[in-house]
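Each remark here refers to the structure printed beneath this line.
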Amino acid sequence: MISDITLGQLEGLTFTGRPLVICDVDEVIVHFTRDFERLLALENLWLDTASFALNGNVRCRDTGEPAGDHRVGELIDRFFDERTRHMETIDGAVESLLHIGEAADVVLLTNLPHSAGGHRRENLADHGLPFPVVTNSGPKGPAISDLLRRAARRDAVFIDDSPQYIASAYEYAPEVHLIHFLHDERFARHIAPLDYVSLRTGRWDEAKPHVMALIGA
């Protein structure tokens, strides 16, 4: 199900008839984990990368005990409220997406509090990315399916770090080419390869030529 806020953003998009590339933001375009760890350090907490999760892996530096899920949720909300406007880009992301944008319609589909959407747009614009940003909550498959319908395209690519969102895209839009972008090897090592993914990588110098080939550019 698509929230009314997300649906309103989708309805405002326009398309040129070129191929469609849908891209996540956190840990694909901008650093999330690295900056989140800086916030945790200020709270005498640290991130245990023993599994692909935040809940249960944020621990007290003094005792090693995990912070409760409610505390983690508060920290994530605080992070997006305070840090979204200032997040730093992953190497190669901006240059690669600008190159891709010369041959395709690019939409940035990001899960974060809708209230932080303005800061996300300002941050990405400051980094030189002019593409529309759609804020989402929950699985991304429904929004991706809606994007394909609106763009009237079947030759589309979706890039994300989350295996859950990749799986959701495969469920709702199986025609989409999927790129599993795992930038942080500490988490990537916990994720088994997905056999329906076109490419698994953590580097834009690998992702960009693959996307260009998929869209026939």
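The values are calculated or read from the model by the stated rules, or taken from the named source; none is laboratory data. Everything quoted here is computed from the prediction, not taken from an experiment. Cβ atoms come from the backbone with ideal geometry, glycine included; neighbour counts cover every protein chain shown. Each accessible area value is taken on the protein alone, full model and side chains, heavy atoms only, with ligands, DNA and RNA left out. Shrake-Rupley method; radii C 1.70, N 1.55, O 1.52, S 1.80 Å.
How much accessible surface area, in Å² rounded to 10, belongs to the heavy atoms of Arg203 with a 1.4 Å probe?
Roughly 130 Å² of Arg203 is accessible to a 1.4 Å probe.
Work out the charge dipole of the stretch 77-217 with +1 on the Cβ of Lys and Arg and -1 on the Cβ of Asp and Glu about the Cα centre, then indicate which of Val94, Ser145, Phe181 is farthest towards its positive end.
Of the options given, the answer is Ser145.
Taking GluC sites (Glu not before Pro) as candidate sites, keep only those in a DSSP loop with at most 15 other Cβ atoms within 10 Å, then name the longest stretch of the chain containing none of them.
Working: sites that count: Glu43, Glu88, Glu102, Glu175.
Formally, the longest exposed-site-free interval is 103-174.
Provide the gained length on full extension for the span Thr63 to His86, in nm with one decimal, where the gain is 0.36 nm per separating residue minus the Cα-Cα distance.
On the way: separation 23, 0.36 × 23 = 8.28 nm, distance 3.11 nm.
Result: 5.2 nm gained on full extension.
In nm, give the distance between the simple-model label positions of Leu13 and Asp48, each being 7 Å from the Cα along the Cα-to-Cβ direction.
Here the answer is 3.9 nm between the modelled labels.
With the Cα gyration tensor of the stretch 59-217 in hand, convert its eigenvalues to equivalent ellipsoid semi-axes via √(5λ) and list them largest first in whole Å.
For the stretch 59-217, the semi-axes come out at 27, 19, 17 Å.
Would you mind getting the Kirkwood hydrodynamic radius of the stretch 165-204 from its Cα pairs, rounded to one decimal in Å?
10.7 Å
Residue-wise, which Karplus ³J(HN,Hα) couplings in Hz belong to the stretch 189-200, taking 6.51 cos²θ - 1.76 cosθ + 1.60, θ = phi - 60°, and x for glycine or proline?
Karplus-based 3J(HN,Hα) across the stretch 189-200 equals 5, 8, 9, 5, x, 9, 6, 9, 8, 6, 8, 10 Hz.
Relative contact order, percent, of the chain when contacts are C-alpha pairs under 8 Å separated by at least 6 residues? It would help to have the intermediate numbers written out before the result.
On the way: 343 pairs, mean separation 56.1, N = 217.
Worked out over the chain, it gives 26 percent.
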